[in-house]
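Every number here is computed from the coordinates shown, using simple stated rules; none is lab data. Fair warning: this is a prediction, and the values are worked out from it, not measured in the lab. Please note: Cβ atoms are built from the backbone with ideal geometry, for glycine as well, and neighbour counts cover all protein chains shown.
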Amino acid sequence: MNKWTRRGLLTTGLVVGGGLVVGIAVRPGNRLGALSAHVAGDEETLLNTWVKLGADNSITVIVPHSEMGQGVGTALSQMLADELDADWNLVSFEEALAIEDFANHSMGRGILLAGVDLPDMIVPTVTGVMIMTAQALDLQITGGSLSIRTTGEYGMRVAGAAVKDMLKQAAAAAWQVPAGEIEARKSHLYHKNSGQSAPYADFAQAASEIAPAASPILKTPEQYTIMGTHVERHDIPAKVDGTAQFAMDVILPDMLYATVQRAPTFDGGVDTLNEGPARAVIGVQDVIRLPAADGGGIVGAFTVPETVAVVANSYWSAKRGLDAVEVSWSQTGQESRSSDDIFAQFARDIAAGTDRAADKAQGDVAAAMANAAQTIEADYSVPYLAHSCMEPLNATATVKNGKCEIWVGCQNPLGFRGSVANALGIEVENVTLHNCYMGGGFGRKSVPDYAIQAALLSDKTGKPVQLIWSREEDIRQDRYRPAIASSFRAALDKAGHLTAWENTYVDKHEPAEAPLIPYNVAAQDIGHVASPTHIPFGAWRSVDHSQHGFFTESFIDEVAHAAGEDPYQFRAARLQDQPRHLAVLKKAAAAAGWDKPLGQGRGRGIALQESFGSLVAQVVEVTIADGETKVDRVVAAVDPGFAISPDGLSAQIESGIIYGLTAALYGEITIENGAVKQSNYHDYKALRMPEAPVIETHIINSLATVGGAGEPGTPAIAPALANAVYDATGVRVRKLPLNRPEVKLQIEDSSSQKTSA
């Protein structure tokens, strides 16, 4: 599909209400036959887009989501296999190819039409529109904790149930019995009355010629045999024995290595360049200036600034060559900017309230404030944060004869493929992208700047090139979680009731509901003002929930203490009309032993946040000694609706907690002279294993709509930690991270005073 067709499709209304309409299903007349040639071997039969059946009765689930350690392949396979009544021991998965047939067809159904029962007669039409739109937008993205709750619910389950019905119909025709009398169990079909039975594989070819039902009957939770159970993850052995392929594992004949450097300020370019010292380094093959380029797609517009690259016969030689390059960078007008300047700007814009836009407005906040017995005010802020994935950005590409083959770990394979094609000026069909395992993504690997660079370098050198960003470049040229400032006011009446909640913050991002609170407050005024900066930003684990969770759950704690109430009880009293929220809050508090006193220098804090369809409450226990904060224990309660893969869910909650703790304790990108100051883990610290707390995860299956897993563990940890520090020391942390010198000094002073008292 060429660019003109894509643009024409978008402007004719396949994007509805600012969102996407997408779906799943393979039906007669589509490219199933052609697709089979791409993905099915000689002994395999493709039954629909997402599943193929081997002659040995093996089942391969084709997963259109990237594997970056979150176990998405296992969970999605569980959903399909359960509806198919498959033998789990015969099930494996592979990642879908980066071709339009494997676009995330189900996302729109899950986002736009969640909970909507579509009449069977319109399902094919809706599905067709979904497929066309997903393909037009190169929609093959992994993010937003959408995999299970969209592709899983509306794709994998439907595909599994449809294939089972197709196999039954094929067996019924062969056995000449009614299809309704055939039972499916553990990848076999049985007809009790005639005594006939056979493995699924016997009917694979015949089933592939049967049109699937548009809306097959799905199981109810009490019928699940694989979903909700503890199963073996089939991707683990390869990750343990080293056979799992990451993009840096690729080795091609005559391959060169490259690394890159961009201007310290984000919109700068090359002013002067002396290549001589670099070319004198043994092993260096070339020094290349890559011009600035603009890109875009489903993740939004982006710019790849002008870049200096050094290409060599080894990465070490390329790195030494780049260190030797003599380059000066153009002035941009941002060289005087600092983090202090940015936060001062935020404060001015909040105070001015110019063009303030409302997120929620109910009741009379002004009247409640005027009649309040007590008002509480507080200003909060969080800094920019880098993604700091374990695996730095890298890609391996070879460009030859107008075609490109590229190996990369990314969250957006189709988008990357299209961006690479545009950068090279070739048709997208001439780009073959192999998506590899990722050592973390967290949103950063949805932007294709590094893949574009690898392809351009291969094109310019005429040889395969493996591009590896240094850790320094990875941290200094990130797309950062935004710095945000947020101001609050609350009103308490004479009885200590919370009567009003007012909040103004800078810069609205996604998800839209992130700043909202679940608590019953009659008067609320929540809104935002624009305060743009020159710092590039992008999706970061849990997106805006990570900032607003810290703000709102810290401030509600302040209000509870101002009212003279226990923070847990204060929250619970205002969640009586939110039973799921109340249940996770109660579970976390009970499991943590909320009412049990802690010793001297210790504190306990609680927080609650709904995000990505899941509810998470966390209790943190800390020990404060000599101004240092040690996190001893974290108890998490999570209601994901239903935990498809309990082990995977628990692992993701724990992962989100560690990721959030790293940010809360240490995470801070600071701006000096318009550029990022930090460069590596010595000054952008990560939580180390000896510092990790004991984590307990408790799952509540409320049977509500299935929610996400990868992101919901992060938002509640920072406020629960800050609230625990307050409990231990009386110091209210309103600005992260905790290791900032002024915060540590406050904590140390308070601890000393408590000890002497």
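Odds and ends about this structure:
- Between the listed residues Met390, Gly297, Cys404, the Cα displaced farthest toward the positive end of the dipole of the stretch 264-423, a dipole computed from Cβ unit charges relative to the Cα centre, is found at Cys404.
- Loop-located trypsin sites (Lys or Arg not before Pro) in the stretch 417-521, at most 10 other Cβ atoms within 10 Å (DSSP): Lys494
- Sorting Lys685, Lys186 by the number of Cβ atoms found within 10 Å of their own Cβ, with the fewest placed first, yields Lys186, Lys685.
- Restraint check, Lys630/Lys685; Lys186/Lys239; Lys319/Lys677, Cα-Cα greater than 26 Å: Lys186/Lys239
- Annotation: peptides 320-330, 722-732, ranked by per-residue average of other Cβ atoms within 10 Å with the highest first, follow the order 722-732, 320-330.
- Considering only beta bridges that DSSP places wholly inside the chain, some 75 percent are antiparallel.
- Local electrostatic count at Glu95 - Lys and Arg +1, Asp and Glu -1, tallied over other residues with Cβ under 12 Å: -3
- Segments 172-179, 304-311 sorted - mean Cβ within 10 Å per residue, highest first: 304-311, 172-179
- Residues Leu736, Leu687, arranged from fewest to most other Cβ atoms within 10 angstrom of their Cβ, appear as Leu687, Leu736.
- Extension gain, Ala366 to Ala573: 0.36 nm times the residue separation minus the Cα-Cα distance gives 72.1 nm.
- Helical segments meeting 24 Å axial Cα length and Kyte-Doolittle -0.5 threshold in the chain (DSSP H): 157-175, 544-562, 646-665
- In the chain, the DSSP-assigned H stretches of four residues or longer account for a calculated mean residue ellipticity at 222 nm of -9500 deg cm²/dmol, using -39500 (n - 2.57) per stretch and the full residue count as denominator.
- Furthest towards positive pole of dipole, Ala98, Val231, Ala75, structure part the chain, Cβ charges: Ala98
- Cleavage-rule hits, GluC sites (Glu not before Pro), the stretch 31-115, DSSP coil, Cβ neighbours within 10 Å at most 16: Glu43
- Along the axis of the charge dipole computed for the chain (Cβ charges of +1 for Lys and Arg, -1 for Asp and Glu, origin at the Cα centre), the listed residues Gly627, Leu516, Pro567 are led at the positive end by Leu516.
- Net +/- balance of residues flanking Ala258 in space, Cβ distance below 15 Å, scoring K and R +1, D and E -1: -1
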